[in-house]
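Written out below as structure tokens is the structure these notes cover.
The values are calculated or read from the model by the stated rules, or taken from the named source; none is laboratory data. Given the structure is predicted, the values throughout are model-derived calculations rather than measurements. Don't worry about glycine lacking a Cβ; one is built from the backbone with ideal geometry, like all the others, and counts go over all protein chains shown. These area figures cover heavy atoms from the full protein model, side chains too; ligands, DNA and RNA do not enter into them. Shrake-Rupley method; radii C 1.70, N 1.55, O 1.52, S 1.80 Å.
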Amino acid sequence: MRTKVSIYYLLFLLLGCPIFSEAQSLDTLDYEVFIQKVITHHPLSQKAKLNDLRAEASIRAARGNFDPVLESSFDEKLYSDKTYYRKSASSLRIPTVAGLDLIAGYEKNSGTYLNPENQTGTNGLWNAGIELNVLQGLLMDEGRTALRQGKAYAAIAEQQKTLQTNDLYFSATEAYLYWANSHEALAIVNESITLAENYFQNTKTSFFNGEKTAIDTVEAYIMWQDRKNLLQSVKSSYTATQKNLENYLWDEEGWYALDQKVPDSLMVITGQGETGDFSLDSLDAHPVLQEARSKVTLMEAERRMKQEKLLPKLKLKYMPLLSPDGEGLPGYNNNDYKWGFSFSFPLLLRGERGNLQLGKVKVMEKQLELENKTIELQNKVLNSLEQIDFLMTQESIQLQNVDGYEKLLWAENEKFKMGESSVFLLNKRQEKYLEGQLKLIDLITKRQLEQLKFRYYTNTLLAPDE
């Protein structure tokens, strides 16, 4: 079908339709240059790039749960010229993704009334060991949950960057197409005014020569005024679309005004709308669906942590005690150690079971949202393909109609010159020709917008590299 329509386009250009053959004395704002600057410099594009920093920050914050922690304390009591006790301790704790903590420390305590269990000797006492959650926290804990969620947040941020860039690309291209459409309409109506003015002048001359009646002159004048009135409406639309386009005019120095530039013709922009071969299976990689899947992963990590809360808490701790030898180096004795465990378990688990149920509901909600978005996206793509076919067919038919209207107008004008027609019939021919041209550029614009939507839905918008 694309080949068929391309032939019509070539025929249209060869016919010299004034819509696309208007000589432009003003500078052209090239679409490719325009969209390049939008993607590179527009504030919303810069905002989209901040998602990279958000993703990096999410991962860094999650990994912070496994940062080593250095602790130190000093406690001394002096009373009645006596040192009751002097206690100092330092420790290093290293959490791991395996669910256990590595611990190392040094303490040195002294004093007249020091608790005997705190005695360390004059050289102090080293210790090293592990803490391990045997039940709750063995397979999943807050740190590992945060890391999994951090990765999900980073994936969501990356997908949002793509979506925000696509949104900007879509809206900027849409604004350019509407601007180009109104510019083409302005050229058509201006040509129509020229024709109407010529008819009026010729009718007036014929009236003075006794060939036309006064009422013919009035009718020709009204036709001319109608065209000028239409021009004001088209100018209003052109100004509105131009101002809307200026929202996207940014370069390295910031925002800039349009400065009397004109757009590429609609036909130049057309080549960017090819749909090509497409498979619905490729939609799985769409950022909308990827974002939805990442949210499922996010909720699943939360649910998994809440399920872990159903297990009893049992923490084991084992720490060998290392006494410094004569050279001040810690020495190991398998009879010197500290160990212990702690256990807790809520008997009814109402809070834990309620939270787990809420977690499951959240996962189900996100899964249902994913299914809904998948079907919606598939239907949007299929509908867009159908609409493109319909619009291309309408466009090719309308292209032939405009050619026919132009020929009828030319024939009616020749009859008018020979006195075999009237201003009324000539006006009707011109109206049809004018309406046909305006309808054609509207169809071209609608088709391009639909192709833009198709690429948006299929994530095949080819945003230029910066």
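Scoring TYR79 on the criteria (1) of a type in the set (Ser, Thr, Tyr); (2) surrounded by fewer than 12 Cβ atoms within 10 Å (Cβ to Cβ); (3) at pLDDT below 85 leaves a single failure, condition (3). Set side by side, the residues LYS428, LYS446 differ, and just one is open to solvent by 80 Å² or more (accessible area, probe 1.4 Å) and more than 38 Å from the chain's Cα centre (by Cα), which is LYS428.
Remark: TYR153 falls outside the filter, which requires a residue to be in contact with a helix residue (DSSP H, G or I) (Cβ under 7 Å, 6 or more places away or on another chain), among the aromatic types (Phe, Trp, Tyr), open to solvent by less than 30 Å² (accessible area, probe 1.4 Å) and modelled with pLDDT of 85 or more. Against the definition (crowded, with 18+ Cβ neighbours inside 10 Å and over 30 Å from ASP264 (Cα atoms)), how does THR213 come out, yes or no? In short, no. Scanning region 291-318 for residues that are open to solvent by less than 70 Å² (accessible area, probe 1.4 Å), outside any loop (DSSP other than H, G, I, E, B), closer than 21 Å to ARG350 by Cα and of a type outside the set (Gly, Ala, Ser) turns up MET299, GLU300, GLU302, ARG303, ARG304, MET305, LYS306, GLU308, LEU314. Report whether or not LEU147 is hydrophobic (A, V, I, L, M, F, W, C), part of a helix (DSSP H, G or I) and either open to solvent by 40 Å² or more (accessible area, probe 1.4 Å) or in contact (Cβ under 8 Å) with a residue 12 or more places away in the chain (or both). Spelling it out, LEU147 is indeed hydrophobic (A, V, I, L, M, F, W, C), part of a helix (DSSP H, G or I) and either open to solvent by 40 Å² or more (accessible area, probe 1.4 Å) or in contact (Cβ under 8 Å) with a residue 12 or more places away in the chain (or both). Within region 431-443, the set of residues being open to solvent by 20 Å² or more (accessible area, probe 1.4 Å) and either more than 22 Å from ARG227 (Cβ to Cβ) or aliphatic (A, V, I, L, M) (or both) comprises LEU438 only. Of all the residues in region 221-239, those that are among the aliphatic types (A, V, I, L, M) and open to solvent by 60 Å² or more (accessible area, probe 1.4 Å) number 1.
To keep it simple, each residue is scored yes or no on (1) farther than 30 Å from LYS315 by Cα; (2) of a type in the set (Asp, Glu).
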{"site": "LEU44", "(1), (2)": "yes, no"}
{"site": "GLU56", "(1), (2)": "yes, yes"}
{"site": "GLU76", "(1), (2)": "yes, yes"}
{"site": "TYR79", "(1), (2)": "yes, no"}
{"site": "LYS87", "(1), (2)": "no, no"}
{"site": "LEU92", "(1), (2)": "no, no"}
{"site": "SER110", "(1), (2)": "yes, no"}
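Test TYR106 against the criterion of being modelled with pLDDT of 85 or more, farther than 26 Å from TRP339 by Cβ and open to solvent by 30 Å² or more (accessible area, probe 1.4 Å), and give yes or no. No, not satisfied. Sub-7 Å Cβ pairs linking a first residue in region 303-318 that is of a type in the set (Asp, Glu) to a second residue that is open to solvent by less than 60 Å² (accessible area, probe 1.4 Å), at least 6 apart or interchain, are GLU308/GLN136; GLU308/GLY137; GLU308/MET140, ordered by first then second residue. If the condition is being more than 23 Å from LEU138 (Cβ to Cβ), open to solvent by less than 70 Å² (accessible area, probe 1.4 Å) and not acidic (Asp, Glu), then region 321-351 contributes LEU321, LEU322, SER323, PRO324, GLY328, PRO330, GLY331, ASN333. Within region 152-168, the set of residues being within 12 Å of LYS47 (Cα to Cα) and of a type in the set (S, T, N, Q) comprises GLN160, THR162, GLN164, THR165.
From the list GLN232, GLN242, GLN225, GLN260, the one residue that fits, being assigned to a helix (DSSP H, G or I) and at pLDDT below 90, is GLN225.
When residues in region 368-409 are screened for being over 29 Å from the mean Cα position of the chain (by Cα) and basic (Lys, Arg), 1 of them pass. Is it the case, given these coordinates, that GLU386 is modelled with pLDDT of 90 or more, of a type in the set (D, E, K, R), in a helix (DSSP H, G or I) and open to solvent by 40 Å² or more (accessible area, probe 1.4 Å)? So GLU386 fits the description; yes.
Residue-wise test of (1) free of Cβ contacts under 8 Å to residues at least 12 places away in the same chain; (2) not in a strand (DSSP E or B).
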| position | (1), (2) |
| --- | --- |
| ASP52 | no, yes |
| ASN65 | no, yes |
| TYR85 | no, no |
| SER91 | no, no |
| ALA98 | yes, yes |
